[in-house]
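One structure is given here, and the rest of the page talks about it.
The values are calculated or read from the model by the stated rules, or taken from the named source; none is laboratory data. A quick note: this is a predicted structure, and the numbers were derived from the prediction, not measured. FYI the Cβ positions are ideal-geometry reconstructions off the backbone, even for glycines, and counts take in every protein chain you see.
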Amino acid sequence: MGDLLERLRAVPELSAEKALAAIGGSEASYERILRVSVSSLPEQAERLRNEEGSSVRVLHALKGALAGIGALSLSEQAGKLEQQDASRAFLAEFCDALDVFTGRLSAIFTGTADKPPGKLPALMACLEEIAEAAAIYQLPIALRSLAKARAYTYGEMWDERLEQLNVLLERFDAEATTRWIEKWRSEMIG
C-alpha cells in the first residue's frame, strides 16, 4: 500500500497519516475502510440532498465516517452543519464538496488519477452545462456545474484545467469559455 499512501497524500481533504495512526497503523485495514467509504459516500450525499425536513441524522453519520477515514475538514464541516440544522444551499455546497472528495478517492483506487476520468460522460455533461450557462451569463449555474465537474476528475492536470475554466468564468468571458470547453472536449474525445 506504500504507493497508495503516497497517492493519498495528494488528496487535500485527507489526513491519511492521522487516520492510519488512529486505526493502529494497519495499511490494509485503512485501504478497506477507504474503499467502503468510496462506495458509500455518494449514496449518503444523495440522501442528504434529498432529505426532507431535518438532515441532522445523516450529517451526524457523515461526521463520524469522515473523521474515521481522516477527512477531518469535511467532518468538521458536517458537524457545523449538524449543529446549525443548515439550509438547503449550504447542504448542497457540502454535498458538492463530498462529491469532489469521493471522485478524488475513486480515481486513486481505479488508477485514473492522471487519465481522463472513468466518468467521462458525466464530465462532458458538466462541461455542456457550463457552456450553456456561460452563454447566457448565468455565473452561479456555471460555477455549480464546475463544482460538479471536479467530482469526476483528479490529478494536477485536471485541477489546472478546471482552474483555467474558473478564471474564464469569473471574467464573464462567455466566448472564450465556450472555445476553451470545445477544445478540451475535442482533446478528451480524440
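The table below gives the values:
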{"read-out": "When residues of segment 1-45 are limited to those that are free of Cβ contacts under 8 Å to residues at least 60 places away in the same chain and among the acidic types (Asp, Glu), the one nearest to Ala78 (Cα to Cα)", "value": "Glu43"}
{"read-out": "Exclusive hit being in a helix (DSSP H, G or I), touching a Phe, Trp or Tyr at 6+ places or on another chain (Cβ under 8 Å) and either surrounded by 14 or more Cβ atoms within 10 Å (Cβ to Cβ) or not β-branched (Val, Ile, Thr) (or both), set Leu14, Leu34", "value": "Leu34"}
{"read-out": "Pair list, Cβ < 7 Å and 6+ apart or interchain, from segment 54-65 residues that are touching a residue at least 12 places away in the same chain (Cβ under 8 Å) and hydroxyl-bearing (Ser, Thr, Tyr) to residues that are surrounded by 13 or more Cβ atoms within 10 Å (Cβ to Cβ) and part of a helix (DSSP H, G or I)", "value": "Ser55/Leu48; Ser55/Leu91"}
{"read-out": "Contacts under 9 angstrom Cβ, first residue in segment 91-105 being of a type in the set (S, T, N, Q) and in a helix (DSSP H, G or I), partner at pLDDT below 80 and surrounded by 24 or more Cβ atoms within 10 Å (Cβ to Cβ), 6 or more apart", "value": "Thr102/Ala151"}
{"read-out": "Inter-residue pairs, beta-carbon under 6 Å, first surrounded by fewer than 21 Cβ atoms within 10 Å (Cβ to Cβ) and in segment 138-157, second of a type in the set (Gly, Ala, Ser) and modelled with pLDDT of 70 or more, 6+ apart", "value": "Ile141/Ala133"}
{"read-out": "Residue that is farthest from the chain's Cα centre (by Cα), among those in segment 40-56 that are small (Gly, Ala, Ser) and surrounded by 12 or more Cβ atoms within 10 Å (Cβ to Cβ)", "value": "Ser55"}
{"read-out": "Residue check, Gly24 part of a loop (DSSP other than H, G, I, E, B) and of a type outside the set (Asp, Glu)", "value": "yes"}
